[in-house]
């Protein structure tokens with residue numbers, strides 16, 4: 001199952017990949033960078049408006065150049081997948097946009113990795129023989145398979161996290177593998193730290209719908225809140241066709257009036273958060289994740305959302321950021337902006353190339369990037385790879401989402 005975008009797995013527009021078993025593994029198809037946009041299989045294409053099984057083999061690191069030859073990067077994506085093709089197309093478009101801006105000394109091939117874990121393993125094994133750095137896979141099951149395969153000997157930047165992340169059964173990453181997917185659970189944990197800093201000593205009321213993604217981020221917020229020594233209550237809200245129950249909202253309003261919490265955390269989507277705000281008013285601080293941002297052109301937030309605080313990518317909420325402005329904006333085939341999820345994956349593609357480029361230039365180092373997906377801190381080539389992303393804090397003002405001053409959550 002893919003979780004490489006900030007919006008939840010089963011929310012509208014969210015892309016999921018079923019874990020399937022395929023007994024035959026076709027050979028991967030490499031597409032040179034110049035022909036990447038013409039590759040078959042993406043479910044959606046994008047144009048841009050530019051702003052002017054043995055023991056683990058020994059690990060090798062790329063050099064910036066070998067006798068003047070460029071560093072070869074292989075981008076492994078499930079381009080022909082019915083479920084992930086659109087996500088792969090968005091990510092590829094962002095990756096290639098970043099490559100076109102900083103292509104000197106690098107050559108990129110786009111490789112159709114397939115969606116199933118076995119296909120991804122075959123694609124990865126072949127691509128590793130022909131490239132210096134691998135970027136991918138994208139599907140969570142494929143990342144899990146590669147991480148557990150003992151194949152990884154060249155720098156690899158996974159675009160998702162292995163299954164079981166954060167549990168005792170978590171798949172350990174090989175030293176040459178860095179995972180930098182987008183995680184709405186990470187956003188919830190950052191939101192908890194942010195709310196705790198802004199509302200010292202406050203008791204939180206966590207409001208969640210019944211969707212699995214909502215329960216996951218509610219649990220992530222609650223766990224982090226507890227680690228910070230804070231107390232919280234939980235309220236499950238039912239919804240029909242996306243609308244919260246009116247009777248439950250009335251009951252919730254009475255509860256909040258009788259026993260006001262210090263703050264609210266909404267594990268909801270943007271429309272549900274708006275309904276919540278209309279029912280409860282704006283007196284209580286309300287925090288959330290990027291699920292409260294439907295994206296540009298996806299409906300007006302309205303005054304009811306003013307003051308709501310959330311985390312999202314700089315690409316989504318900070319269009320005038322220098323790191324955002326230098327890259328072209330994606331447009332769908334109909335000339336309209338893609339969905340918020342597709343934009344986030346486009347941004348992930350940009351930062352994935354930037355991280356790959358930095359690792360190629362400095363194979364064993366610690367570095368930071370002011371990225372379009374957040375402030376990134378990476379350690380690579382010095383034992384287990386480490387990756388951290390701090391997303392942008394934002395709030396609604398006059399119905400529009402605006403970034404807050406740069407203070408870490």
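The values are calculated or read from the model by the stated rules, or taken from the named source; none is laboratory data. Given the structure is predicted, the values throughout are model-derived calculations rather than measurements. In this analysis, Cβ positions are derived from the backbone assuming ideal geometry, glycine residues included, and neighbour counts consider all displayed protein chains.
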Residues of the range 223-261 that turn out to be part of a strand (DSSP E or B), surrounded by fewer than 12 Cβ atoms within 10 Å (Cβ to Cβ) and modelled with pLDDT of 95 or more, as a count:
0
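Can you spot a residue in the range 145-158 that is closer than 17 Å to residue 388 by Cβ and modelled with pLDDT of 95 or more? Before you say what the answer is, go through the steps one by one.
As a first pass, look at the range 145-158 and keep what is closer than 17 Å to residue 388 by Cβ: 157-158.
Those left that are additionally modelled with pLDDT of 95 or more: 157-158.
Yes; the residues of the range 145-158 include at least one that is closer than 17 Å to residue 388 by Cβ and modelled with pLDDT of 95 or more.
Show me the strands (runs of 3 or more DSSP E) entirely contained within the range 266-374 in which 2 or more residues are buried (at least 24 other Cβ atoms within 10 Å of the Cβ) and either assigned by TED's automatic domain parsing to the domain that holds residue 222 or touching a helix residue (DSSP H, G or I) at 6+ places or on another chain (Cβ under 9 Å) (or both). Step through it out loud before you land on a result.
Numbers: elements: 286-288, 309-312, 329-331, 365-371.
It comes to 286-288, 309-312.
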Members of the range 349-386 that are under 13 Å from residue 178 (Cβ atoms) and under 13 Å from the mean Cα position of the chain (by Cα):
351, 352, 376
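Is it the case, given these coordinates, that residue 217 is touching a strand residue (DSSP E or B) at 6+ places or on another chain (Cβ under 7 Å), farther than 30 Å from residue 75 by Cβ and in the same structural domain as residue 261 (by TED's automatic domain parsing)? Before the answer, list the steps.
Numbers: touching a strand residue (DSSP E or B) at 6+ places or on another chain (Cβ under 7 Å): yes; farther than 30 Å from residue 75 by Cβ: no; in the same structural domain as residue 261 (by TED's automatic domain parsing): yes.
For residue 217, the condition - touching a strand residue (DSSP E or B) at 6+ places or on another chain (Cβ under 7 Å), farther than 30 Å from residue 75 by Cβ and in the same structural domain as residue 261 (by TED's automatic domain parsing) - is not met.
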